[in-house]
Amino acid sequence: MKKSENLPLKLLIGIVVGIVCGLFLPERAMTIVVTLKYVLNQLIMFCVPLIVIGFIAPSITKMGSNATRMLGVAIIIAYVSTVLATLMSMAAGYLLVPHLPIATTMEDLKELPGVAFQLDIPQIMPVMSALVFSVLVGLAAVWTKAQTVIRLLDEFQEIVLCVVKRVVIPVLPFFIALTFCGLSYDGTITKQFPAFLLAIVIVMAGHYIWLAILYAAAGAYSGRSAIDVVKYYGPAYLTAVGTMSSAATLAVALDCARKSKSLRPDMVEFGIPLFANIHLCGSALTETFFVMIVSKVLFGRLPSPGAMVLFILLLGIFAIGAPGVPGGTVMASLGLITGILFTDPATSGDATALMLAIFALQDSFGTACNVTGDGALTLILTGYAEKHKIQQA
């Protein structure tokens with residue numbers, strides 16, 4: 001998308017300005033900040049299902065008879081990436097968590113003021129509904145050779161692309177600034193973050209290690225340059241850090257992926273929106289490490305390896321039900337956490353609360369790992385398409 005070259009600088013400025021303002025703004029001013037953030041969030045999230053439909057469905061139709069096979073390959077590699085990342089995190093947890101000086105209490109946060117007025121902009125459908133709708137309509141259009149629908153989907157994609165360029169991307173820096181202003185004001189950055197700094201640093205190191213492994217494997221499999229993909233992902237990474245949502249980052253991620261000559265355009269249009277909803281390696285890796293920390297803090301021991309493996313295998317499935325929502329991975333898997341790991345009703349409430357709190361501290365970086373990893377999986381799709389001689393539309 002044009003005019004996005006300065007986006008990284010705008011995002012960085014938004015983060016810095018937001019943090020500084022949050023330290024000094026009075027409560028009355030924060031009411032305006034909270035209200036504006038609420039409205040912009042409603043606008044961005046309204047566009048997300050449109051982006052999913054506008055890119056996934058037309059991309060499926062362009063693959064013709066290969067659509068079903070490519071969808072299956074995409075789902076498999078996304079699940080495998082998530083599970084392997086969490087297994088790596090589990091191994092690190094057993095090695096490191098017993099030796100970490102983790103604090104057992106968390107300081108109270110300053111309460112953010114409520115919104116001055118509530119302007120709700122409901123989505124036309126939930127994101128998962130949009131994803132399923134896109135897949136079914138795209139596949140059905142291919143199976144029935146519905147040319148009118150295929151042309152309609154192509155035109156809808158152009159409309160959505162215009163909305164993204166003229167609405168979503170321009171408001172993202174402001175939304176990010178407002179988000180960090182709230183985090184700075186309520187004390188999340190200045191108070192809670194230092195309490196778990198070491199654990200968060202370890203988790204972030206895990207993100208980068210997994211991304212290095214993922215891109216190395218993708219480059220080796222595809223025979224194309226992985227560096228040529230990841231070097232364009234700076235704006236998408238920063239956007240994900242600010243929005244804490246892979247869905248809200250989708251427009252920027254598409255822009256970044258399109259710049260790489262190592263990725264086939266048809267695989268970008270198909271893979272990036274799809275993986276934004278089903279590939280959550282960073283969030284799942286983080287959650288796995290943090291449940292082990294919470295277990296150590298509350299119970300003085302780590303979960304058994306058998307329970308952890310079962311939790312990981314199911315987490316890869318449950319996480320798919322939480323696309324694009326800040327904190328959605330841990331919210332969707334709370335049933336797994338309390339049903340497999342923290343089964344004592346007397347302590348499950350404390351475990352859940354602590355898990356949600358510390359997960360929120362780094363949620364943005366887990367999301368950034370998810371989004372950046374999507375480029376590697378799209379490179380794998382590109383390699384698969386080339387090896388199996390699937391022609392571009």
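The values are calculated or read from the model by the stated rules, or taken from the named source; none is laboratory data. Since the model is a prediction, treat every value here as computed from it, not as a measurement. We place every Cβ from the backbone using ideal geometry, glycine too, and count neighbours over all the protein chains shown. Keep in mind that these areas ignore ligands, DNA and RNA; they rest on the heavy atoms of the full protein, side chains included. Shrake-Rupley method; radii C 1.70, N 1.55, O 1.52, S 1.80 Å.
Key figures for this structure:
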{"quantity": "Any chance VAL132 is open to solvent by 60 Å² or more (accessible area, probe 1.4 Å) and either at pLDDT below 85 or in a helix (DSSP H, G or I) (or both)", "calculated": "yes"}
{"quantity": "Options ALA85, ALA146, ALA91, ALA140: the member that is closer than 30 Å to ILE202 by Cα, out of contact with any helix residue (DSSP H, G or I) (no Cβ under 6 Å at 6 or more places or on another chain) and among the small types (Gly, Ala, Ser)", "calculated": "ALA91"}
{"quantity": "Filter pass, VAL201 being surrounded by fewer than 24 Cβ atoms within 10 Å (Cβ to Cβ) and more than 27 Å from ILE317 (Cβ to Cβ)", "calculated": "yes"}
{"quantity": "Selection count, the stretch 109-122, where residues are modelled with pLDDT under 85 and either in contact with a strand residue (DSSP E or B) (Cβ under 7 Å, 6 or more places away or on another chain) or open to solvent by less than 60 Å² (accessible area, probe 1.4 Å) (or both)", "calculated": "3"}
{"quantity": "Selection within the stretch 284-302 - part of a helix (DSSP H, G or I) and open to solvent by 10 Å² or more (accessible area, probe 1.4 Å)", "calculated": "LYS296, VAL297, LEU298, PHE299"}
{"quantity": "Condition check for GLY219: open to solvent by less than 10 Å² (accessible area, probe 1.4 Å) and of a type outside the set (D, E, K, R)", "calculated": "no"}
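For every residue, the table says whether it meets (1) among the β-branched types (Val, Ile, Thr); (2) within 20 Å of the chain's Cα centre (by Cα).
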{"site": "ILE200", "(1), (2)": "yes, yes"}
{"site": "LEU211", "(1), (2)": "no, yes"}
{"site": "TYR215", "(1), (2)": "no, yes"}
{"site": "SER222", "(1), (2)": "no, no"}
{"site": "VAL230", "(1), (2)": "yes, yes"}
{"site": "TYR237", "(1), (2)": "no, yes"}
{"site": "ALA240", "(1), (2)": "no, yes"}
{"site": "LYS261", "(1), (2)": "no, no"}
{"site": "LEU274", "(1), (2)": "no, yes"}
